[in-house]
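Okay, so here's the structure we're looking at.
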Amino acid sequence: MRVTIASRRSDLARIQAVQVGETLRAAHPQIEINYSFHESLGDKNLNDPLWKMPEKGVFTQDFREGLLRGDFDLVVHSWKDLAIEFDPETEIVATLPRADARDLLLVRRDRWPEVERTGVMSILTSSPRRAHNLDSFLREALPAKINEIKFDNVRGNVPTRVRKLLELETDGLTVAKAALDRLLSAPQPEFAATQTELRDALSQCRWMVMPLRENPSAPAQGALAIEISRKRDDMRELIAPLNCADTYGAVEAEREILRSYGGGCHQKIGTSVLHRSYGAVTFLRGLTDDGRVLDDRVLKPSKPRPPKISREEMWPLESSDADWFTREQILVNPFPESPALWIAKADALPDDWKIEPDQIVWASGVQTWRRLALKRVWVNGCAESLGEQESPGIETLAGAPVNWFKLTHESGYTDGEMPSAATYRLIPKGESIDLSGKKYFFWKSGSSFECAISKNPWLKELTHFCGPGNTQRILERNGVEPHVFLDHAQWLKEMSE
């Protein structure tokens, strides 16, 4: 049996098509794979911004027509390129496990000193979503006082955009990280020249992986779509074993959210759905056509919530009331080999440490990122306050395995997987906190929980809540099964009567 797979002609599109083809052949070793590569309308018109082009499916419509004519059996798309509307004649029957959905910011090393001096920055992007959401975030995330960010349109495939970054009078470029990862990691020799060019460009840039909390992706970004004619039951059956149900469900949810606001690449709206063991996390941020500001993150839990109770029975009502400690610095010499640093709290980075320009710095969350930026530290990304189990996923960018070293406090949680150093210690405050009459507790740190139960052992029998990550692990280690919320404010809003 021969199966013809079609896709666009760019390096990235061919890599993606071959990835599907090899996965299909692994599931059905007896079949023969044929490839058919073509230019789309969007590839031919490189002048107009995508959001100004009137046609729907500018990268996909030509292939749809080929499917219906029977020119090929299936088409592999970047799913985010597909129109949001239902198609009565073709369907997406499967997707592979999703690549990284986040955006990547590249900043030219030779132009950064001028950005620091003037406070003005120019960034190439083809996306209204990126321009809207990154304008506010980058002003606080970059380690300089940024007064103005100019977003300029750019078209072309990823290598072309990276080339324009270095050729034009501009400071930065945003691209989908999944695209760069796929190009850099493709094993086929035919892409070696492109990889060499991209590696050389990366050496001339500093980079940041944009957090989904502040810059949710375009719906389906990082996911592939396998499209067939609805009449091809044989193809549907053949392709079914390839499907990643988690990715498919997340993408469908993201596309439905965008559809509810009108859909289309002109939208300044990003949304990302993450499936985790504790539930489904949805990030939504942007601006609707009628001027409504969207800024939300929601957790649909994997286990039922307990009933709501009165605020008087909840603790703490103010997040600041939950601090049980003062902090005392521990003198630690900087590491001579400059490992990649995972920083749990901004206070964990000693003020006298010098961060080398090529040193990778990863923050536990956006708040830590912002505080580090105020210290003039270039932060490469963060774990979104979802815990250390969230892999940074930067080995392809770094071009080698990344050796992490965590900076934390003296009694900080360690699981043995990441070496760590204590740069400060927690000193319990002398005054006691009255928790009598309280029934629901939200813990921002495992240290606070363990300090509280050492003084009030009866607390273990009550109902506890926390964010995902190490705090959750510490509660579980103490025999408590907490309910997970993304933050204290969400907990207070959802659980109080």
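Just subtract the alpha-carbon distance of Lys150 and Arg259 from 0.36 nm times their residue separation and send over the number in nm, one decimal.
Full extension of this stretch gives 36.4 nm more.
Rounded to the nearest 20, the Cβ-based charge dipole of region 92-147 about its Cα centre (Lys and Arg +1, Asp and Glu -1) stands at 40 debye. Among beta bridges from DSSP that stay inside the chain, the antiparallel ones total about 50%. The radius of gyration of the Cα set in region 222-304, together with its Dmax, comes out at 15.8, 46 angstrom. Here the chain exposes an accessible surface that is 48 percent carbon and sulfur, computed with a 1.4 Å probe and the other protein chains kept in place.
Relative protection proxy for 287-299, 86-98, from highest mean packing down: 86-98, 287-299 (other beta-carbon atoms within 10 angstrom).
The convex hull defined by the C-alpha atoms of region 291-350 has an orientation-averaged projected area of 9.7 nm². The C-alpha atoms of the chain define a longest principal axis, and helix 192-203 lies at about 30 degrees to it.
In the chain, a dipole from Cβ-located charges (positive for Lys and Arg, negative for Asp and Glu) runs towards its positive end, and of Pro339, Ala373, Ser302 it is Ala373 whose Cα lies farthest in that direction. Between the Cα long axis of helix 245-260 and the first principal axis of the chain there is an angle of about 90°, rounded to the nearest 10.
Between the Cα long axis of helix 11-27 and the first principal axis of the chain there is an angle of about 90°, rounded to the nearest 10.
A full extension of the chain between Gln329 and Ala245 corresponds to an added length of 25.5 nm, given 0.36 nm per residue minus the alpha carbon distance.
Count Lys and Arg as plus one, Asp and Glu as minus one, and take only other residues whose Cβ is under 14 Å from that of Ala99; the net charge is then 0. When the C-alpha to C-alpha distance is required to be over 18 Å, the pairs from Lys439/Lys460; Lys308/Lys438; Lys354/Lys375; Lys345/Lys493; Lys444/Lys493; Lys268/Lys300 that qualify are Lys345/Lys493; Lys268/Lys300. Of the peptides 271-281, 188-198, the ranking by mean beta-carbon count within 10 Å, highest at the top, reads 271-281, 188-198. With all protein chains kept in place, the per residue accessible area of the chain amounts to 45 square angstrom at a probe of 1.4 angstrom. In straight-distance terms, cross-link reach from Lys150 covers every one of the aspartates and glutamates whose alpha-carbon lies under 13 Å from its own, apart from those fewer than eight places away in the same chain; here that gives Asp135, Glu169, Asp171. Only alpha carbons enter this Debye calculation for region 256-373, each as an equal point scatterer, and the log10 of I(q)/I(0) it gives at q = 0.09, 0.10, 0.13, 0.14 Å⁻¹ is -0.49, -0.60, -0.91, -0.99.
Compute, for the chain, the length of the dipole vector about the Cα centre, with Cβ point charges of +1 (Lys, Arg) and -1 (Asp, Glu) only. Units Debye, rounded to 20. Walk me through the intermediate numbers first.
Working: 65 positive and 73 negative charges, 83 e Å.
Result for the chain is approximately 400 debye, rounded to the nearest 20.
Calculated translational diffusion coefficient of region 372-497 (20 °C, 1.002 mPa s; Stokes-Einstein with Kirkwood radius over alpha-carbon pairs) equals 127 µm²/s. Measuring between their Cα centroids, region 167-207 and region 259-287 lie 27 Å from each other. By DSSP, the beta bridges lying fully in region 242-376 are antiparallel in about 85 percent of cases.
The values are calculated or read from the model by the stated rules, or taken from the named source; none is laboratory data. Treat the numbers as computed from the prediction; the structure is a model and nothing was measured. Cβ: placed from backbone, ideal geometry, glycine included. Neighbour counts: every protein chain shown. Quick note on the areas: whole protein, heavy atoms, side chains included, nothing else; ligands and nucleic acids left out. Shrake-Rupley method; radii C 1.70, N 1.55, O 1.52, S 1.80 Å.
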